[in-house]
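J.: Before we start, here is the structure in question, set down as structure tokens.
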Amino acid sequence: MDAHAWDERYAASDLVWSREPNQFVAAELADLAPGTAVDLAAGEGRNAIWLASRGWSATAVDFSQVALDKGARLGEGLDVAWVCADATAWTPDEPVDLVVIAYLQVPAADRRRAVRNAVRMLRPGGTLLLVAHDSTNLTDGTGGPQDPAVLMSADDVVGDLTSADDLDVEVLRAERVAREVTSDDGHGGEERRTAWDCLVRVVRR
């Protein structure tokens with residue numbers, strides 16, 4: 001991971017990602033009672049901002065200060081703390097109710113460290129929601145990283161968690177999910193394609 005390269009990417013455009021939360025984050029978490037939340041690899045903080053707008057006290061963690069500065073402007077007035085740190089290793093001072101990891105595409109060892117660390121942040125009964133580009137997206141889908149080493153399946157993530165002796169989780173959902181994306185079809189219209197993500201939602205026991 002190269003923080004400088006991401007700083008440059010975030011500096012080069014108004015918004016790299018949309019202002020709206022990820023569709024799966026919004027669908028999965030809309031009914032949760034607000035509490036404390038951490039958005040790991042938050043980028044410009046769209047998910048943290050959405051959570052804060054719904055009453056959560058959120059912390060957005062990313063290694064790009066440029067992205068965080070943009071997010072802080074977008075989320076001005078909302079209860080979001082902006083922390084520049086390594087999303088695979090950072091920990092809060094107190095246990096939290098929710099951790100969101102959306103599209104942290106890193107090699108398996110880093111992913112394992114990140115998801116285990118995320119569950120360790122949770123109080124008993126707290127939720128981890130992970131969404132990422134699925135391994136099958138490389139051949140069956142569209143967009144996303146083209147390096148298979150940073151792609152994953154829901155089974156990979158569940159295995160990361162269940163193989164840790166100190167973690168006890170209840171798996172509520174672990175599957176491949178479809179996400180429709182649109183692009184310019186070259187003739188002034190839009191072409192619709194399907195991207196494949198993996199989605200994992202667990203509760204810490």
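J.: (1) farther than 19 Å from ASP39 by Cα; (2) within 15 Å of the chain's Cα centre (by Cα); (3) among the hydroxyl-bearing types (Ser, Thr, Tyr): which one isn't true of SER163, the others all being true?
T.: Failing condition for SER163: (2).
J.: I've got another one for you. Name the helices (runs of 4 or more DSSP H) wholly within segment 90-205 that hold at least 2 residues that are surrounded by 17 or more Cβ atoms within 10 Å (Cβ to Cβ)?
T.: The qualifying helices (runs of 4 or more DSSP H) are 108-121, 154-162.
J.: Here is a follow-up. Taking the options VAL131, VAL181, VAL169, VAL115, name whichever one is at pLDDT below 95 and not basic (Lys, Arg). I'd like the intermediate steps shown before the answer.
T.: On the way: VAL131 fails: at pLDDT below 95; VAL169 fails: at pLDDT below 95; VAL115 fails: at pLDDT below 95.
Exactly one of VAL131, VAL181, VAL169, VAL115 is at pLDDT below 95 and not basic (Lys, Arg), namely VAL181.
The values are calculated or read from the model by the stated rules, or taken from the named source; none is laboratory data. All of these numbers come straight from a predicted model, not from anything done at the bench. Counting neighbours? That spans all protein chains shown, and the Cβs are built from the backbone with ideal geometry, glycine included.
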